[in-house]
1. Restricting attention to the stretch B:183-198, and to residues there that are touching a helix residue (DSSP H, G or I) at 6+ places or on another chain (Cβ under 8 Å) and not in a helix (DSSP H, G or I), which single residue is surrounded by the most Cβ atoms within 10 Å (Cβ to Cβ)?
2. Could you name every one of the strands (runs of 3 or more DSSP E) located completely within the stretch B:112-182 that has at least 1 residues being touching a residue at least 12 places away in the same chain (Cβ under 8 Å) and over 22 Å from residue B:98 (Cβ atoms)?
3. Condition test on residue B:26, is it within 13 Å of chain C (Cβ to nearest Cβ), surrounded by 14 or more Cβ atoms within 10 Å (Cβ to Cβ) and farther than 23 Å from residue C:113 by Cα?
4. Given the conditions (1) in the same structural domain as residue B:91 (by TED's automatic domain parsing); (2) buried (at least 23 other Cβ atoms within 10 Å of the Cβ); (3) in contact with a helix residue (DSSP H, G or I) (Cβ under 7 Å, 6 or more places away or on another chain), which single one is not true for residue B:135?
5. Going through the stretch A:126-164 one residue at a time, which ones are more than 11 Å from every other protein chain (Cβ to nearest Cβ) and in a strand (DSSP E or B)?
6. Spot the failing condition for residue A:200; the list is (1) touching a Lys or Arg at 6+ places or on another chain (Cβ under 7 Å); (2) surrounded by fewer than 18 Cβ atoms within 10 Å (Cβ to Cβ); (3) not aliphatic (A, V, I, L, M), and only one is missed.
7. Condition first: without any contact (Cβ under 8 Å) to a residue 40 or more places away in the chain and under 19 Å from residue C:39 (Cα atoms). Can you find one or more residues in the stretch C:205-216 that meet it?
8. When you scan the stretch A:81-102, how many residues do you find that are free of Cβ contacts under 8 Å to residues at least 40 places away in the same chain, surrounded by fewer than 20 Cβ atoms within 10 Å (Cβ to Cβ) and not hydrophobic (A, V, I, L, M, F, W, C)?
Amino acid sequence: MITKAAKEHLIASLDAGVRLDGRKIGEYRPIEVKYGVSKTAEGSAEVTIGDTKVIAGVKLSVEVPYPDTPDVGTIMVNAELLPLSSPKFEMGPPGIMAIELARVVDRGVRESKAIDVKKLCITKGEKVWGIGIDICTINDAGNLFDAAGLAVIAALKDAHFPTYDGVELNYKERTEEKLPLSKIPIPVTVIKVGKHLITDPMNEELDCADSRLTVTTIASGEICSLQKGGDMALTVEEIGNMVDLALKYGEELRNKL
Amino acid sequence: MGKLLVEERKVVVPGEHIAEGMDYLPAQWTYRKGDNILAGRLGLLAVNGRALKIIPLSGTYTPKKDDVIIGKVIDVAMSGWRVETNSAYSAMLSVRDATSEFISRNADLTKFFDLGDYLVAKIVKVTSQKLIDVSTKGPGLRKLYGGRVINVNCNKVPRIIGKQGSMVSLIKNSTGCKIIVGQNGIIWLSGSPDQEVIAIETIKKIEKEAHVSGLTEKITAYLEKKCKNKPAVMPEEDSEENSEEKPAAKPAANKKGEQ
Amino acid sequence: MAYTKRLDGRKQKECREIVAQAGVIKNADGSGYFKIGNTVAYAAVYGPRALFPKRVQDPSTGILRCNYNMMPFSGMGSRVRPGQNRRAKEISMVTEKALLPVLDLKEYPNAVVDVFIELTQTDAGSRCAGICAASIALADAGVPMKDLVAAISVGSVDGTLVVDLDYQEEAYEEGEEGVADIPIAYIPSTQKISLLQMDGEITKEKLIEALEMGKEACEEIITVQKKALKEKYNL
């Protein structure tokens, strides 16, 4: 429950060019990417943005392809807002916040065609590789979208195929072969508080946000997915400004990989 | 016969053997097991004559009678308000403990304290079942306007306040912020945005290094560097700087002349 | 007794390499990280805090609620569907029973101390690693605790008693005498065992001997947990 007073205080702070933790308006908290944090995952990564920490793990399996796309591999993204990571999260199946997080990251990976899913075909109509991506939050200090998106791409980069002899998967023997990853989609979340647009929002800022836009971009400058959240509406100009910020910071985040 | 196995002011963990023999007595957070005294909680060992106790370094707030806390109104009831205390238990502020003003039966209580308002309140009663009554009648107790609120480890509050309020005064004078420290680990600040950030960073620094000696000198140097102002001389007997602050009519001791 | 040399070269009583840390999750009131060999557990403690719904509150004491969960990519084989399965629910319960004897929550009526354990990768011994991490987390959270709790698996592999079985040993199929896998949790100050389960076959004599080996291993683990806690608070 955020009060009017708290929001007014934040806006006054932003008017003075000061964020609640002393950052400048466009500044990200320190970002770190660690690869291979889970040896049992075919690929994994841990991303910290300030105090926010997220782990993403990739598991590969042999699946039956979807009937309408018989020669194409499958991708699935799941997210869990673990109660371990915040007093706000409860036990139980993913709620709507976790579902939104998973689907936003999913769209970024899928729509950018970051993975050439045709290369994941083993036997047309019978067997394809399935990529199962899981996002697990370790500490939520705001901006899970960006941290999760970055962690997922890093985990995909980190992944190696297990051995498959056509009949049996051997997870214990990993091959040198990596996923056909050609693009690096990066989500950047921008929130609007009063007239200010800020990136890498902390929870205290998210609570005061009028609206939020998560823009996923690839290196060429193309936008591959958008998600607007928050209760208030945005003008086209505001959206344009937020996209500009996303392009700028997307590049900065991409360089952390 | 007795032997102390751990130096005073060292960190001890639960189950750690602190003393042997019958000479020493188990006090707060320590217990006797056979011939030995063991730690019953993570913290710093304190020796008081023959009594051994532990000063907690962590742990959520346990409401105590006479503590002055900063609470948040989370519900408005028939004859009072429910106040969040930053502990496992919420408190009740009844109308008669809120103000000496006459409040009629049909009055809209939100006119006095509304949902989300922060208050400086004193705990007047805690039952065995942890039902808590608070009061806002008394010196320094009141509703808070504006500013921002942060959450610190309540076990570090004495260090943040300092001896007779010396530490918090140091921060107030260097940053020009009004600061009220609740015993429950909630701290309210109000000043210019960049000074508020410096005050908060300083408080977090004290929180982190609370059990290290020479802290006052470190903090003084830190504030000098950050504020680029000479911090005012630490007041000596300034009871005003305790968590029992005087009401707003007399502003917090502040030699920088801020708003 | 053919299993004389352990598959990874360890001695009978030797545990795998341990890394332990306290205070790894900022939002939590207390937290712990415990890595033993390739098994990694995070634990976070929130509380004592308010407990809802009201019907699960206990007016005479605070309650301990443990929740053990494996991340979907933490299993040795294929992906495990997220969500608590029956195994996880059982482990949550025995974890709670393992930790309860050192806690006294009478000062927190109607409240709860929540312990969340997550495994990021596993190679056997996951419930024990979880308990070790949880113990660090509870101490870090300043919950009144009589002692730390350590946990390890002991057992016998083809007749040879060993400490800290890894996945390969649990699944060992050669030889005639089979495998017994016995996770235990131990409280040093009382010398009592608060977790005891077993899969496999073993004689009573070997069981008792294994338990004694386990106690020794737990004493060593306690020193590691203690060091992790002190390291956090010594600047």
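1. For the stretch B:183-198, the residue satisfying everything is B:184.
2. Result: B:148-151, B:178-181.
3. Details: within 13 Å of chain C (Cβ to nearest Cβ): yes; surrounded by 14 or more Cβ atoms within 10 Å (Cβ to Cβ): yes; farther than 23 Å from residue C:113 by Cα: yes.
Judged against the criteria, residue B:26 is a match.
4. (2)
5. Within the stretch A:126-164, A:127, A:128, A:129, A:160, A:161, A:163, A:164 qualify.
6. Condition (2) is where residue A:200 drops out.
7. No, because not a single residue in the stretch C:205-216 is without any contact (Cβ under 8 Å) to a residue 40 or more places away in the chain and under 19 Å from residue C:39 (Cα atoms).
8. 6
The values are calculated or read from the model by the stated rules, or taken from the named source; none is laboratory data. Just so it is clear, the model here is predicted, and its values are computed rather than measured. Cβ coordinates were reconstructed from backbone atoms using ideal geometry, including for glycine residues, and neighbour counts include every protein chain displayed.
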